[in-house]
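Participant: Let me give you the structure first, and then I'll get to my questions.
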Amino acid sequence: MTENRNRAGHVLVWEQAEMATDEGIRPARRFGSRHYIVFMLFLGMANAYVMRTNMSVAIVAMVNQTAIEKDPDVEDDECPDTDYGEEDTSHDDGEFVWSTSMQGYILSSFFYGYVITQIPFGLLAKRYGAMRFLGWGMLINSVFAFVVPVAARNGGAGWLIVVRFIQGLGEGPIVPCTHAMLAKWIPPNERSRVGAIVYSGAQFGTVISMPLSGLLADHGFDGGWPSIFYIFGIIGTVWSVAFLFTCHEDPITHPRIREDEKKYIQQSLWGNASIHIPPIPWTSIAKSLPFYAILLAHLGQNYGYETLMTELPTYMKQVLRFSIKTNGVLSALPYLAMWLFSIVVGWVADWMLTSGRVNHTWTRKISNSIGQYGPAIALIVASYTGCNRALTVAILTIGVGLNGGIYAGFKINHLDLTPRYAGVLMAFTNCAANLAGLLAPIAAGNIIEGNPSIAQWRIVFVIAAAVYIFTATFYNLFGSGARQFWDDPENDEPQKPSIEAPAYTPDSNGTTTNGSLPASPPTTTTATTLTHRTSLVNEQQS
């Protein structure tokens, strides 16, 4: 074990799982500081998706549905009134007369702000740390939730779009900064499960947001729908303040972490830190087909997911004609299934890897195929179920539930390709994916403009399914689970002697004076280099 840790001054990433199982290193099984960080990141992800999805339900109550101009040649009552839940026709007379295309622009305005901050925050988090960017960004997002009702009532759609855009700016750090913090806090052998738990907060937030938003729109104060933004604004503000005051950037800077847990995290991550972090290999990344496979899969996921997340409540109301209250509950069912399935598939994927029966590449492709082909098939089938409400909801629930497979698929694949630059790659793929995601409500709004019929909604669903299928197929053809050659530590430039870099001199506790992880030995022998390269080749062949 010791000789593996000192190979060429690096610990091989694929050897870290073995190292982390050393009972002399692993702390006692208790709720530790890293578990609290995971819990807070889970809640942060949930809070972020609450802020995204609450407008999808609120806008149904905000808009005067009967006043929207419709094509007189097309009936909008293809499906009979539902007796599921209490139908309250007063909600048809909302405060605003916004066309379906305008509603699409309002729903997508959040994502414009969200998209343009992805790459800047990914790069800033790598240089200055992620915790404060994440906490302050989410605080801005939460505070501006209180402004939504004021902007809509006094400034109309224009000012509402501006406020939602600012909220998107504040939420920009959530994914790249969460990824950066997980890299600092979570040992490699725990990343698959922990990643699934943290990112499943998105579905948990959706599950909470949709039914609660429906209830608040039905029974809330100040006209119903404004209470949605007031309540969730308070919750988000409380989380942001708690996160800023109780969480820390990494184990080194945490003043109350147990010593055994700190050593466990440090020694597990030791191979991912060195005296010199080489520049990002932009040229190699730009030529990498596995990177483009992740990028395309991420694009397809966001387009399909945002189509459902932003438009499903409207579909429930316009076509299936569920009440506002029932609408929120039923719209949340698919995301409850996705939340539960994502956790299950994360554990199964870990078992597939640790059992040695399936390598990283096939584990990612199998999981991702379930996660993207599943909802594609469900969308196509659901578009032909007509007014059969129970069957439509059941199919969409199963399809979106299977979408949870993406967390053990492309979503965690960045770490397989390049552990050292995974956060930067996530910022780029998430930025591009959300560009595709913000097009989804705009496309849907224009397709059903003046004609919210089953036939038009079928077009919306089939387009999303086709995007899913194409991008998932590209991922299966060109995706990989092997660490890429351009992130091989053996290709790094030789390290300067430690005397020229006194800021990284280890202290008596084995940490460095600037708070980084322990520096690795600068010397390299021919024998250890050969052993390292042999291990690298064996891993890539697997």
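The values are calculated or read from the model by the stated rules, or taken from the named source; none is laboratory data. Quick caveat, the model's predicted, so the values are computed rather than measured. As a convention, Cβ positions derive from the backbone with ideal geometry for all residues, glycine included, and neighbour counts pool all protein chains shown. Quick note on the areas: whole protein, heavy atoms, side chains included, nothing else; ligands and nucleic acids left out. Shrake-Rupley method; radii C 1.70, N 1.55, O 1.52, S 1.80 Å.
Participant: State yes or no: is G135 surrounded by fewer than 24 Cβ atoms within 10 Å (Cβ to Cβ) and small (G, A, S)? Even if it seems obvious, please write down each step before you answer.
Facilitator: Numbers: surrounded by fewer than 24 Cβ atoms within 10 Å (Cβ to Cβ): yes; small (G, A, S): yes.
It is true that G135 is surrounded by fewer than 24 Cβ atoms within 10 Å (Cβ to Cβ) and small (G, A, S).
Participant: Among the residues of the stretch 439-466, write down those that are in a helix (DSSP H, G or I) and open to solvent by less than 10 Å² (accessible area, probe 1.4 Å).
Facilitator: Within the stretch 439-466, the first condition is being in a helix (DSSP H, G or I), and the residues that meet it are 439-447, 454-466.
Hits for the stretch 439-466 are A440, P441, A444, G445, W457, V460, F461, A464, A465.
Participant: List pairs: first in the stretch 415-442 and more than 30 Å from D488 (Cβ to Cβ), second surrounded by 23 or more Cβ atoms within 10 Å (Cβ to Cβ) and of a type in the set (A, V, I, L, M, F, W, C), Cβ under 7 Å, 6+ apart or cross-chain?
Facilitator: Taking only residues 6 or more apart or on different chains, the pairs are N434/F111; G437/F111; L438/F111; P441/L107.
Participant: Only residues that are open to solvent by 10 Å² or more (accessible area, probe 1.4 Å), within 19 Å of the chain's Cα centre (by Cα) and farther than 13 Å from A422 by Cβ: list them for the stretch 169-191, please.
Facilitator: Scanning the stretch 169-191 gives L169, E190.
Participant: Related question: When you look at W362, is it out of contact with any Gly (no Cβ under 9 Å at 6 or more places or on another chain), open to solvent by 60 Å² or more (accessible area, probe 1.4 Å) and part of a helix (DSSP H, G or I), yes or no?
Facilitator: no
Participant: For the stretch 187-224, which positions are within 20 Å of Y36 (Cβ to Cβ), part of a loop (DSSP other than H, G, I, E, B) and at pLDDT below 80?
Facilitator: P187
Participant: Right, something else. Only residues that are at pLDDT 85 or above and in a loop (DSSP other than H, G, I, E, B): list them for the stretch 251-280, please.
Facilitator: H254, P255, R256, I257, R258, listed by residue number.
Participant: To continue, here is another question. Among the residues of the stretch 208-231, write down those that are surrounded by fewer than 24 Cβ atoms within 10 Å (Cβ to Cβ) and on the phi < 0 side of the Ramachandran plot.
Facilitator: I208, P211, L212, L215, D218, H219, G220, F221, P226, S227, Y230, I231
Participant: Here's something else I'd like to know. All but one of (1) open to solvent by 30 Å² or more (accessible area, probe 1.4 Å); (2) in contact (Cβ under 8 Å) with a residue 60 or more places away in the chain hold for I166, so report the exception by its number.
Facilitator: (2)
Participant: Oh, and also: Open to solvent by 50 Å² or more (accessible area, probe 1.4 Å) and either in a helix (DSSP H, G or I) or more than 20 Å from M338 (Cα to Cα) (or both), is that true of V238? So that I can check it myself, show each step before the final result.
Facilitator: Numbers: open to solvent by 50 Å² or more (accessible area, probe 1.4 Å): yes; either in a helix (DSSP H, G or I) or more than 20 Å from M338 (Cα to Cα) (or both): yes.
So V238 fits the description; yes.
Participant: Residues that are in a helix (DSSP H, G or I), open to solvent by 20 Å² or more (accessible area, probe 1.4 Å) and modelled with pLDDT of 80 or more: does the stretch 64-85 have at least one?
Facilitator: no
Participant: Quick one: what pairs do we get from the stretch 214-232, first residue free of Cβ contacts under 8 Å to residues at least 60 places away in the same chain, second of a type in the set (V, I, T), C-beta under 9 Å, 6+ apart or different chains?
Facilitator: What qualifies is L216/V57; L216/I228; L216/I231; G220/I228; G220/I231.
Participant: Could you please tell me which pairs satisfy a Cβ distance under 9 Å, a separation of 6+ or placement on different chains, a first residue in the stretch 325-346 that is farther than 17 Å from A61 by Cα, and a second residue that is modelled with pLDDT under 75 and open to solvent by less than 50 Å² (accessible area, probe 1.4 Å)?
Facilitator: Final answer for the pair search is P334/L312; Y335/M309; G346/S192.
Participant: May I pose another question? Identify the single condition in (1) surrounded by fewer than 16 Cβ atoms within 10 Å (Cβ to Cβ); (2) among the hydroxyl-bearing types (S, T, Y); (3) modelled with pLDDT of 85 or more that Y114 does not satisfy, given that it satisfies every other one.
Facilitator: (1)
Participant: While we're here: Using the structure shown, decide if G371 is among the small types (G, A, S), under 26 Å from S56 (Cα atoms) and crowded, with 24+ Cβ neighbours inside 10 Å.
Facilitator: Working: among the small types (G, A, S): yes; under 26 Å from S56 (Cα atoms): yes; crowded, with 24+ Cβ neighbours inside 10 Å: yes.
Criteria met by G371.
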